[in-house]
1. In region B:51-227, what % of DSSP beta bridges are antiparallel (nearest 5)?
2. Under the definition of partner shielding as Cβ atoms of other protein chains within 10 Å of a residue Cβ, what is the mean value for peptide A:89-100?
3. May I ask for the Rg/Rh ratio of region B:51-227, computed from Cα atoms with Rh as the Kirkwood radius, given to two decimals?
4. List the trypsin sites (Lys or Arg not before Pro) in region A:69-139 that DSSP assigns to loop (not H, G, I, E or B) and whose Cβ has at most 16 other Cβ atoms within 10 Å. Which are they?
5. With a ≥ b ≥ c taken as the square roots of the eigenvalues of the C-alpha gyration tensor of region B:118-172, please select rounded if a/c is under 1.5 and otherwise prolate if a/b is larger than b/c or oblate if it is not?
6. Hey, what number do you get for chain A at 222 nm if only DSSP H runs of n ≥ 4 count, each worth -39500 (n - 2.57), divided across all residues, to the nearest 500?
7. Roughly how tilted is helix A:54-64, in degrees to the nearest 10 and between 0 and 90, from the longest Cα axis of chain A?
8. If eta is 0.692 mPa s and T is 37 °C, what Stokes-Einstein diffusion coefficient results for region A:54-128, Kirkwood Rh from Cα pairs, in µm²/s?
Amino acid sequence: MPSIDQIPISIVSPDEMLTGQAEAVLTEIAGMLKHLLDEGIEGSIDLRGLALSGADRVWLEKQLGLGEVEIMLEAGGRSVLTETAYPGVWKVMHRDDRDRVVAELIEVAFVPAIIRPATGDVKKGYKSLLLNLKAKTAGA
Amino acid sequence: MERSDTLQEKMEQNGMSRRTFIKYCASLASLMALPPSAAYAMAEALGKAKRPSVIWLPFQECTGCTESITRSHSPSIEGMIFDMISLDYQETLMAAAGHQAEEALHAAMKENYGKYVLIIDGSVATGLDGAYSCIAGRSNLESLKEAAKGAAAIIALGSCASFGGIPKANPNPTGAVAVSDIIKDKPIVNIPGCPPIPVVITGVLAQFLTFGTLPELDKLGRPKAVFGETIHDRCYRRPFYDQGKFAKTFDDEGARQGWCLFELGCKGPVTYNACATTKWNDSTSFPIESGHGCIGCSEPDFWDAGGFYKALSMPADPLKMAATAAVAGAAVGVAISFANRAKKGAAKSAHETTKLEDLEK
């Protein structure tokens, strides 16, 4: 009878194992897209809250693919919002000004909310632009 | 800077845009295991919130918790805490000293009575009526009872404040106890760790400001979002544990291959904390990733838990086992000899004298 040491074991690195969670995420995204279409409700998934393996991430990245839009946001560090091959599904990576990843999300929305400026910000910008134009007119 | 300013106004004065604030809230929501959508709700609520008064009292501590939280020099998640709050008293950081500092403390407590958040780091010495740890001629015990009366909530920061920590280690010469052993009539959040992960305190404060409530706590008063899972549950070396691959020494082939450190004393399976995911030093690493087992620093009495290098599967205290056996009816002497048989046998064959100290290791 073989001893326990003789029983062959295949050691798989954690990063090489598919855990099945990536497939669950894809299914959840499909559900969120339906919710967006039927009721206009946006959704998001926090990827850092899930115990995805390296292989899971690679698989998910491949499944989502790339779309037509990539947005760079410089606000307290660089953020990148990339539309996937499925319009309305965005990969969002937020970094701080030390280039540390502070959040990694999948957002399901027509346009991620962080991109739309607040009404208050637009009003301030409008007033600032009027002052700028007035100054130019006065200078001329 | 007026404390009546809202956080939004404070942000704008510091040149922080709304989008930066939303990013910050997204990271906090992620940390506190809130739904990602909570980030926008948090941004809106925090933006309108007035800066709360925070009073920080250090007791029997090493200042490691303050060091942990203040090791950030740029606008970062940890650094934001000082923008979000009005830190009215903190001995290590404030410029004032002596009587001026004490006057500032009492003025802040009076002005914000019933509304301030009280942060305590360090254990509370109770021996000799608290004489072992005094500040400005008053025992920490007395100061805690006074400050707690007007606090809206208390955050016990670090393992010392949460559970007694290292000062409480056997034989506990100062009679060190946790904050929750003294204060029974205020909501207390324990954020243990030696030191605690810095961003946790920011998350707790943000949740308090946004929702007016403290986060959901476990049976030891710790935020479940951070302390809901063991290190073992999220450890990247877990697959090796499951496959039965353990490092036997710190420099063997298993250690070099990054195998599980269970046999080298890792306390990950019984330690609840977020080190495996949030990590340390700007998310660089955590003890296991650096090759050393978890020492369980966010658990009560971790210092007396039987040794950092003894595997969890080994009995921590054979004499305690003997006492248990005696209660069950077995002879104390026989129980001890069972626990020490291997050691005595090895010593005999090596021609060494076994001393009582050897058996107690």
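1. Values: 6 of 24 bridges.
In region B:51-227, approximately 25 percent of DSSP beta bridges are antiparallel ones.
2. On the way: counts 0, 0, 0, 3, 0, 9, 1, 10, 4, 6, 1, 6.
Average per residue, whole number: 3.
3. Numbers: Rg = 15.1 Å, Rh = 16.1 Å.
My calculation of the ratio gives 0.93.
4. Qualifying residues, ordered by number: A:R98, A:R100.
5. Values: a/c = 2.50, a/b = 1.19, b/c = 2.11.
Oblate, since a/c reaches 1.5 and b/c is not below a/b.
6. On the way: 3 runs with 51 residues, N = 140.
Rounded to the nearest 500, it is -12000 deg cm²/dmol.
7. 50 degrees
8. On the way: Rh = 13.7 Å.
This corresponds to a translational diffusion coefficient of 239 µm²/s.
Where a number appears in this text, it was derived from the coordinates with a stated rule and is not lab data. Note that the structure is a prediction, hence the values are computed from the model and not measured. FYI the Cβ positions are ideal-geometry reconstructions off the backbone, even for glycines, and counts take in every protein chain you see.
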